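Q: Below: one structure in structure tokens.
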Amino acid sequence: SNTSTPPSTMTPTETNSPSPSPTLTLTTTPVPTYVNLRGEVIVDHANCRYGPGAPYLYKYGLVGGSNLEIIGRLETESWIEVRAIGGNNPCWVKTDLMKITGDLKNVVPIDPMDVLLPQSPYYGPLTGVSASRNGADVMISWNALTLRAGDDSEQFPYLVEAWVCQNGQLMFVPTGSYTTSITLADEPGCSTESHARVYGVEKHGYTRWVEIPWPPANTAVPESQSTTE
């Protein structure tokens with residue numbers, strides 16, 4: 001006799017219609033789409049440099065009336081990176097030497113840490129780099145770089161790139177020096193730590209930079225309580 005039970009029709013007790021799971025709308029901040037702008041040189045002759053500031057080595061000159069492509073900017077918009085339209089040999093020029101078509105905020109901001117400087121093939125990094133603090137003043141010094149005859153760039157022989165606290169903001173301050181020491185203002189009150197690096201400079205390029213051992217701004221001990229040893 002056939003005792004097998006008829007196959008059940010498998011009616012699910014619960015029609016498990018999945019409750020709509022929250023769709024993962026990823027709130028990624030949209031990547032800004034940057035553009036290149038055009039600008040015209042409005043002075044007779046503009047110095048275009050290897051980096052975003054007057055202390056950097058001169059790369060080439062821009063003639064008044066030239067139209068150029070603007071491909072980068074400092075966050076502060078004080079210096080812009082330009083090149084010939086469709087060219088591939090960019091340099092940096094002071095923004096107010098150009099009449100710019102469009103809004104500079106739409107041009108990609110460039111971190112000075114990422115600016116590639118031409119490297120000297122002949123000289124190693126500076127030695128004896130040190131720094132000390134007196135209040136908001138940081139004194140930086142290093143040993144002299146002795147150049148062979150003919151290697152002098154006839155511009156600043158030393159470059160300090162510093163990120164220092166001024167008016168509650170971390171500011172990028174590139175500084176050229178003819179001597180083996182400089183003093184920079186670095187106030188307390190920034191959430192980001194100040195730092196700096198130093199290069200030797202000769203006509204072929206820059207020595208590898210050396211990180212300056214930065215003395216932290218001391219906010220803990222008021223002057224009146226500091227003990228003299």
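Q: Hey, can you rank 146-154, 113-121, 209-217 by average C-beta count inside 10 Å, highest first? Mind dumping the intermediate values first?
A: Values: 146-154: 10.9, 113-121: 12.6, 209-217: 16.1.
Sorting 146-154, 113-121, 209-217 by mean packing, highest first, produces 209-217, 113-121, 146-154.
Q: While we're here: Going by Cα centres, the range 33-62 and the range 106-136 are how many Å apart?
A: Computed from Cα coordinates, the inter-centre distance equals 20 Å.
Q: State the extension gain, in nm to one decimal, for the chain segment bounded by residue 29 and residue 78, taking 0.36 nm per residue of separation less the distance between their alpha-carbons.
A: Working: separation 49, 0.36 × 49 = 17.64 nm, distance 2.65 nm.
Here the segment from residue 29 to residue 78 would lengthen by 15.0 nm.
Q: Around residue 130, under 14 Å between beta carbons, what's the net of Lys plus Arg minus Asp minus Glu among the other residues? Kindly include the intermediate steps, with their values, before the conclusion.
A: Numbers: positive: 133, 197; negative: 211.
Within the 14 Å Cβ shell, the charges total +1.
Q: Quick one: which residues, 5+ away or cross-chain, put their amide H under 5 Å from the amide H of residue 79? H built at 1.01 Å from N.
A: Amide H neighbours of residue 79, under 5 Å, 5+ apart: 74, 95.
Q: What is the sum of charges around residue 106, taking Lys and Arg as +1, Asp and Glu as -1, for the other residues whose C-beta is under 15 Å from the C-beta of residue 106? Please list the in-between numbers first.
A: Numbers: positive: 38, 73, 105; negative: 69, 75, 77, 81, 103.
The answer is -2.
Q: Compare 28, 180 by solvent-accessible area with a 1.4 Å probe and give them largest first, with all protein chains kept in place.
A: Numbers: 28 105, 180 50 Å².
The ranking, largest first, comes out as 28, 180.
Q: In whole Hz, what ³J(HN,Hα) sequence does the range 73-86 give by Karplus (6.51, -1.76, 1.60; θ = phi - 60°), x for Gly and Pro?
A: Result, rounded to whole Hz: 8, 6, 3, 6, 6, 7, 10, 10, 9, 10, 7, 4, 4, x.
Q: Related question: With Cβ to Cβ distances under 9 Å as the rule, what net charge do the other residues near residue 47 carry (K, R +1; D, E -1)?
A: Working: positive: 49, 59, 94; negative: none.
Cβ neighbours under 9 Å give a net charge of +3.
Q: Ok, one more. Between residue 181 and residue 85, what length in nm is gained on full extension when 0.36 nm per residue of separation is reduced by their alpha carbon distance? Working shown, then result.
A: Values: separation 96, 0.36 × 96 = 34.56 nm, distance 4.03 nm.
Between residue 181 and residue 85, full extension yields 30.5 nm more.
Q: Pop out the ³J(HN,Hα) list for the range 200-206 in order, Karplus 6.51 cos²θ - 1.76 cosθ + 1.60 with θ = phi - 60°, rounded to Hz; leave Gly and Pro as x.
A: Values per residue, Gly and Pro as x: x, 10, 9, 5, 8, x, 10 Hz.
The values are calculated or read from the model by the stated rules, or taken from the named source; none is laboratory data. Since the model is a prediction, treat every value here as computed from it, not as a measurement. Positions of Cβ are generated from backbone atoms using ideal geometry, with glycine treated the same way; all protein chains shown enter the neighbour counts. Accessible surface areas use protein heavy atoms only, side chains included; no ligands, DNA or RNA. Shrake-Rupley method; radii C 1.70, N 1.55, O 1.52, S 1.80 Å.
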